[in-house]
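Enquirer: Have a look at this one.
The values are calculated or read from the model by the stated rules, or taken from the named source; none is laboratory data. All figures in this text were calculated on a predicted structure; none of them were measured in a lab. Cβ placement follows ideal geometry from the backbone for every residue including glycine, while neighbour counts extend to all protein chains displayed. These area figures cover heavy atoms from the full protein model, side chains too; ligands, DNA and RNA do not enter into them. Shrake-Rupley method; radii C 1.70, N 1.55, O 1.52, S 1.80 Å.
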Amino acid sequence: MPRSHVSTFLAIPLAASLLLAGCSVSRPADPRGDAPQTGGQWDESVARAAITALPANYLAGFGDCSELLTYYQANALEMVTPYGIGGWGGSGGFAESAPDDSSNEGGAAPAAGTASDGQASYEAGKDYSGTNVQEEGVDEPDIVKTNGSIIIAVTNGRVRIVDVQTRKVISTVTLPGRRDQAQPSEILLHGQTLVVLSQEWNYAQPVDGTTMAFNPGRTIVTTVDISDPASPTTIGSTRMEGSYRSARLVGDTVRMVMVTEPPGVLTTAPKTGTLTAEAEAEQANRELVRSTTIDDWIPHLQQLDADGRALSTDPLLDCDQISRPRDPAGLSTLSVLTFDVGSANPAPTSGAGLVASGGTVYASTDRLVVATSGWDLWNWMPMASDAGVDSIWPGGAPANRTDLHSFDISEPNTTRYVASGSVDGRLINQWALDEDAGVIRAATTTDPPGASGQSQSSLVVLREEGDQLSQTGRVDGLGLDEQIQSVRYLSKDVAAVVTFRQTDPLYLIDTSDPTAPKVAGELKIPGFSAYLHPIADGWLLGVGQDADVETGQSKGLQVSLFDIRDLSSPKQTQVVTWGSNSYSPIENDHRAFLSWPATGQVVIPYTRWSESTDGKEAQDSFAGVTTLTVGTGTLVKGKSTSTSAKNKEWGEAPLRTMVIGDDLWTLDWAGLARFDLASLEGGWAVDLP
């Protein structure tokens, strides 16, 4: 992707003097060993400048691979220890993160559409439910999808297709790679094409006293023709170095964000417990970093044949497609990639990269926003919270802010960088972001340094102006000494924000004037909502926890109905609770929520547990679902049923629920259960061992 929009980070004369030219060379001994070579001497200031110098813009490109290589190496040399990079040994020091599937906010129902299996045609939203997503028209990957006649489920390392009428597994999708190394994670369904996102883990063995500095995680994208669901056929596969954070499907195009730890960097460790051995190991690790080439740092991809054999191996991104954010955010490469669902070989058609380890991703139909922060190092480096970022990262603790990078995804085959900006504080997850016509809203929590500081939250409005996201207005002081728990953008004019410590302030914020957003109304109640979902015009549902008003201690699952027809005076009109030690997967994953407007029902999966007495489980333990009937100002608890295959009193709530026709289907790791939606009569249907 052309990078004319960003300024070159390192000047060419400087680059020529210090770059390592992508090859292994011998160098004089360096007593500190922490900077590239300049004029025959090792200059620590050069390495520091490569990391801490602020680019002119929020993103800065690299003129060539040599400049990019220097940036990677200079960052790594700051963190080298006798035991690797960051303070511990190789092959596992920097764990790959799982896909971003732990959001605790809700989403809108997907847009209605049609899907066919070649035998029958059903309409989404009318004949069957889809994945609960954040934005209408933007589908999200999940562990289960349906088109009304079949159910495709990802459980226990397999992708299986179940016929709805016969309740039988009619096929298992064949995927490339060994099952002990590659596991399907999530899927997307587009008509008769299934997109499978798989994760692959390999554990490199030590060779000649060295081992891999980072776990070599991989992502495999496989497209499958399911026009005959009993005989699915692989269309093509691409393997990429790194783990995917999130993906979105808009029309025929998949946008995927993935993070790649340096795939080829080696480290060693002391051979004995002596101080001399430690010093020698640290020096050896510095030399290993200095001898790396650009291929050791950037991600690569392979095209695979139908049997999973590699046909070619190439860089995933060119060096001039990779930029650095203003604030250093790790040694990883974050890639924003575009795939054509209909392609015979699902290789990226375009891409852009950042040297960052962030992974908060939001997408509308026109924009994809990626958030990066220096505080991602706290998740990226397990020792950071113990040793302190000051001792690990040059320049001390990172700034308490989050940078936002906006990409234009309105064209099917192109991902184009647009603009960047920053907001104070940190984002809870993707649901803290929203975009409409180039205007971005971001809800953040700022934790000031020092134990005596008081946290507070804000809603910031930014607008694309050239290559900058310029702040147009903000609201501060939300939930003093509290943290944001959930955010829901109800329209381009209204946002709902929940903060919590001991009580649950629900803020309704008027953003109709982007230059002067303001709090329109506020409601304080015990507990908090971890998930917000608009039910009808002027009514809002919250799923979360009841809590003690004095201590903030959780008291169990609760669902609340809020009347927000008058923004200045929100009211909690109904509350349903399930007692102590009860919780729902909805609190951590919005895709577990199901609203079925055709019947006015909301399905709540939940678990309630009690400690054993006399070697027996307490009688009020439960794992299953309950339904709520939601009307104008009414919230009525309906029937409940256990969804477990074997144990009616204990287990875990289902991971997902879906409506097909007049039936409610539930999915857990053991398989599928089926119930009549009105009566909840039914039971176990399909084993998925």
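Conditions tested, residue by residue: (1) basic (Lys, Arg); (2) open to solvent by less than 10 Å² (accessible area, probe 1.4 Å); (3) within 29 Å of Trp596 (Cβ to Cβ).
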residue: Pro505; (1), (2), (3): no, yes, no
residue: Asp510; (1), (2), (3): no, no, no
residue: Ala516; (1), (2), (3): no, no, no
residue: Ala520; (1), (2), (3): no, no, no
residue: Gly527; (1), (2), (3): no, yes, yes
residue: His533; (1), (2), (3): no, no, yes
residue: Gly538; (1), (2), (3): no, no, yes
residue: Leu557; (1), (2), (3): no, yes, yes
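Enquirer: For the list (1) open to solvent by less than 10 Å² (accessible area, probe 1.4 Å); (2) assigned to a strand (DSSP E or B), I need the number of the one condition that Ser185 fails.
Expert: (1)
Enquirer: Right, something else. Of the residues Ala363, Ala397, Ala371, which single one is modelled with pLDDT under 85 and of a type in the set (Gly, Ala, Ser)? Let's see the steps before the verdict.
Expert: Values: Ala363 fails: modelled with pLDDT under 85; Ala371 fails: modelled with pLDDT under 85.
Exactly one residue qualifies, and that residue is Ala397.
Enquirer: Oh, and also: Output the qualifying pairs, or none if there are none: Cβ atoms under 8 angstrom, residues six or more apart or on different chains, first residue in region 345-370 and charged (D, E, K, R), second residue in a strand (DSSP E or B) and open to solvent by less than 10 Å² (accessible area, probe 1.4 Å).
Expert: Arg367/Ser406; Arg367/Phe407; Arg367/Ile440
Enquirer: Quickly run through region 526-551 and pick out the residues that are within 29 Å of the chain's Cα centre (by Cα) and farther than 21 Å from Arg608 by Cβ. Let's see the steps before the verdict.
Expert: Residues of region 526-551 that are within 29 Å of the chain's Cα centre (by Cα), as a first pass: 527-536, 539-547.
Across region 526-551, the qualifying residues are Leu532, His533, Pro534, Ile535, Ala536, Trp539, Leu540.
Yes/no per residue for (1) open to solvent by 20 Å² or more (accessible area, probe 1.4 Å); (2) over 26 Å from Tyr531 (Cβ atoms); (3) among the charged types (D, E, K, R); (4) out of contact with any Lys or Arg (no Cβ under 9 Å at 6 or more places or on another chain):
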position: Glu123; (1), (2), (3), (4): yes, yes, yes, yes
position: Asp127; (1), (2), (3), (4): yes, no, yes, yes
position: Glu135; (1), (2), (3), (4): yes, no, yes, no
position: Gln192; (1), (2), (3), (4): yes, yes, no, yes
position: Ser198; (1), (2), (3), (4): no, yes, no, no
position: Val207; (1), (2), (3), (4): yes, yes, no, yes
position: Thr210; (1), (2), (3), (4): yes, yes, no, yes
position: Gly217; (1), (2), (3), (4): no, yes, no, yes
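Enquirer: For region 138-166, enumerate the residues that are at positive phi and modelled with pLDDT of 95 or more. Let's see the steps before the verdict.
Expert: Taking region 138-166 and keeping what is at positive phi, we get 148, 156-157.
Matches in region 138-166: Gly148 only.
Enquirer: Within region 417-444, which residues are of a type in the set (S, T, N, Q) and either surrounded by fewer than 22 Cβ atoms within 10 Å (Cβ to Cβ) or within 25 Å of Ile322 (Cα to Cα) (or both)? It would help to see each step written out before you state the result.
Expert: So the first thing to find is which residues in region 417-444 are of a type in the set (S, T, N, Q), and the list is 420, 422, 429-430, 444.
Listed by number, the residues that qualify are Ser420, Ser422, Asn429, Gln430.
Enquirer: Here is a list: Asp307, Asp320. Which entry is over 18 Å from Met212 (Cβ atoms), open to solvent by 60 Å² or more (accessible area, probe 1.4 Å) and part of a helix (DSSP H, G or I)? Break it down stepwise before answering.
Expert: Values: Asp307 fails: part of a helix (DSSP H, G or I).
Within the list Asp307, Asp320, the selection yields Asp320.
Enquirer: Right, Tyr489: out of contact with any Lys or Arg (no Cβ under 8 Å at 6 or more places or on another chain), in contact (Cβ under 8 Å) with a residue 24 or more places away in the chain and buried (at least 20 other Cβ atoms within 10 Å of the Cβ) or not?
Expert: Criteria not met by Tyr489.
Enquirer: Among all residue pairs at least 6 apart or on different chains, which show Cβ distances below 8 Å where the first residue, located in region 545-567, is farther than 15 Å from Ser582 by Cα and acidic (Asp, Glu) and the second is in a loop (DSSP other than H, G, I, E, B) and open to solvent by less than 30 Å² (accessible area, probe 1.4 Å)?
Expert: Asp563/Gly538; Asp563/Pro570; Asp563/Gly633
Enquirer: Return the total of residues in region 570-584 being open to solvent by less than 70 Å² (accessible area, probe 1.4 Å) and part of a loop (DSSP other than H, G, I, E, B).
Expert: Selection size over region 570-584: 5.
Enquirer: Here's something else I'd like to know. Looking at region 662-670, can you tell me whether even one residue there is modelled with pLDDT of 90 or more, under 29 Å from Asp563 (Cα atoms) and touching a strand residue (DSSP E or B) at 6+ places or on another chain (Cβ under 8 Å)?
Expert: Initial filter on region 662-670 (modelled with pLDDT of 90 or more): 662-670.
So of that shortlist, the ones also under 29 Å from Asp563 (Cα atoms) come out as 664.
From the residues that got through so far, the ones that are touching a strand residue (DSSP E or B) at 6+ places or on another chain (Cβ under 8 Å) too are 664.
Yes, region 662-670 contains a residue that is modelled with pLDDT of 90 or more, under 29 Å from Asp563 (Cα atoms) and touching a strand residue (DSSP E or B) at 6+ places or on another chain (Cβ under 8 Å).
Enquirer: Being open to solvent by 50 Å² or more (accessible area, probe 1.4 Å) and either farther than 30 Å from Asp366 by Cβ or modelled with pLDDT of 95 or more (or both), is that true of even one residue in region 233-249?
Expert: Yes, region 233-249 contains a residue that is open to solvent by 50 Å² or more (accessible area, probe 1.4 Å) and either farther than 30 Å from Asp366 by Cβ or modelled with pLDDT of 95 or more (or both).
Enquirer: Against the conditions (1) aliphatic (A, V, I, L, M); (2) over 25 Å from the mean Cα position of the chain (by Cα); (3) farther than 20 Å from Pro585 by Cα, where does Leu561 fall short? Just the number, please.
Expert: (3)
Enquirer: Could you list, in sequence order, all residues of region 143-166 that are among the small types (Gly, Ala, Ser), more than 13 Å from Asp687 (Cα to Cα) and either under 21 Å from the mean Cα position of the chain (by Cα) or open to solvent by less than 10 Å² (accessible area, probe 1.4 Å) (or both)? Full working, then the answer.
Expert: Just the residues of region 143-166 that are among the small types (Gly, Ala, Ser), to begin with: 148-149, 153, 157.
Restricting the remaining residues to those that are more than 13 Å from Asp687 (Cα to Cα) gives 148-149, 157.
The answer is Gly148, Gly157.
Enquirer: So, one more: Which residue out of Glu261, Glu241, Glu186 is under 30 Å from Val686 (Cα atoms) and either within 27 Å of the chain's Cα centre (by Cα) or hydrophobic (A, V, I, L, M, F, W, C) (or both)? I'd like the intermediate steps shown before the answer.
Expert: Working: Glu261 fails: under 30 Å from Val686 (Cα atoms); Glu241 fails: under 30 Å from Val686 (Cα atoms).
Exactly one residue qualifies, and that residue is Glu186.
Enquirer: Are there any strands (runs of 3 or more DSSP E) wholly within region 585-657 with 2 or more residues that are open to solvent by less than 30 Å² (accessible area, probe 1.4 Å), among the hydroxyl-bearing types (Ser, Thr, Tyr) and modelled with pLDDT of 95 or more, and if so which? First the steps, then the outcome.
Expert: Numbers: elements: 594-596, 601-608, 622-631, 634-642.
Result: 622-631.
Enquirer: Within region 463-569, which strands (runs of 3 or more DSSP E) (wholly inside it) include 1 or more residues that are polar (S, T, N, Q)? Step through it out loud before you land on a result.
Expert: Numbers: elements: 468-478, 483-489, 494-500, 503-510, 518-526, 528-536, 539-547, 554-563.
Because the criterion is at least 1 residues that are polar (S, T, N, Q), the strands (runs of 3 or more DSSP E) in region 463-569 that meet it are 468-478, 483-489, 494-500, 503-510, 528-536, 539-547, 554-563.
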